[in-house]
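> Provided herewith is a single structure, encoded as structure tokens, for subsequent inquiry.
Bear in mind that the values in this text are calculations on the coordinates, not laboratory data. Small disclaimer: the values here were computed from a predicted structure and weren't measured. Note that each Cβ is placed from the backbone with ideal geometry, even for glycine, and that neighbours are counted across all protein chains shown.
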Amino acid sequence: MPARKQEFVKKGVGGPRGSSVINFRPVVSATSQRRSSAVLPSVLTFAVIVASGGLLLMIEKGMLNNMETPPPRGNGKNANYLQQVRHHDSTVDVESQILQEIRNRTIRSMCGQKNMPHNVWSLSAFQRKTLLQHILVSEEHRFLYCYVPKVACSNWKRMLKVLSGALPGVDAKGKMDHRADLLFLSDLQPEQIRHRLRHYYKFMFVRDPMARLLSAYRNKFGEIESYQKKYGAEIVRRYRKGHAKDTNIAGDDVTFTEFVRYLLDEDSDRMNEHWMPMYNLCQPCAVTYDFIGSYERLEADAAHVLEKVGAAPHLQFPERQSWYKPVTKETLHYYLCSVPQKLLRELLPKYILDFSLFGYSLPNTTAEHCRH
């Protein structure tokens, strides 16, 4: 990054001294570390992420040109914010309400800039095609769901089939067919699309970006032969010395570092959907989502959505399959620390909008942290 741009980011953060965009370290003040609440520290951390990480990507993409500073939010009422949230909706806990409000305000602020897309039709043809192919339609319950692979999307598709009557129940046996008995927004005509975007309830679910990447890596390169042959073999040829012309590669032993190198060379708009940034898949600047749930709060957030769309009270979101291997904090720590820091610093800007817009902390991969 040019020196002048680095100086701009550091001066624009307004955070604690010593914070650095280059190191991608989310900064939490000493005061917040002493708080007993689990909510407020993450709010403070998020503010730093938005200030540093979000600006970093906008600088790199030239999106700060002719950009106006957004007006202050809250009109001086921030002191009463938590109290207002607590009385907003008794059916959703306080932390969930705070996370939703943070996401909504951040998305409105960043997406309100001139160079950001403001509706589906302002996207490029390729971006619009990707988006419309990832939005599922429920005509029975009048909602739109933008699915993100590796964020419980198979179970949400199963739920849509139950709501439409195509499946008798969420526990129905059989392999999930990701297209049969499902209606995509891309199947409809422009006027039909406009009508549903205006009038249907819209939601999506997000996940910690690095946990999602690791989940995709372990699943596709550790279990799915078609991905090993198509992507794994190519990754080995590209990034493993002495294998550039090897035609007899299984692709089932791709390392996480090799996967990261591959992602660095990929265009974010044209990645495979399983590792394409969530922002690129669902375009939250072009589509105003009524609710953005999270994988980390899946049970509660899914229940909230089902209530909002008028699902039968007895319907519950499916439990994770018994064979599912969760990505734990320890597992994520192990894999991220196995990758050279330089590569991670180069990778994070590709997913910085996922971190900043959806409220996830940037990973700590310093040498000191990785020793523990």
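> What shape does the range 103-148 have by the C-alpha gyration tensor, where a ≥ b ≥ c are the square roots of the eigenvalues, rounded means a/c under 1.5, and otherwise prolate means a/b greater than b/c and oblate the rest?
oblate
> May I pose another question? Order of 197-210, 155-168 by packing, highest average Cβ count within 10 Å first?
197-210, 155-168
> 7 Å from Cα along Cα→Cβ at both residue 334 and residue 114: what's the point-to-point distance in nm?
Each label point is offset 7 Å from its Cα along the Cβ direction, giving 5.1 nm.
> Another one. Among 177-185, 279-287, what's the highest-first ranking by average C-beta atoms within 10 angstrom per residue?
Going from most to least packed, we get 279-287, 177-185.
> More than 21 Å apart: what percent of Cα pairs in the range 95-208 qualify?
Here the long-distance tail beyond 21 Å is 46 percent of all Cα pairs in the range 95-208.
> Going by average Cβ density within 10 Å per residue, which order do the peptides 290-299, 267-276 take, highest to lowest?
290-299, 267-276
> Please give the direction-averaged projected area of the C-alpha convex hull for the range 287-348, in square nanometres with one decimal.
For the range 287-348, averaging the hull's shadow over all directions gives 7.0 nm².
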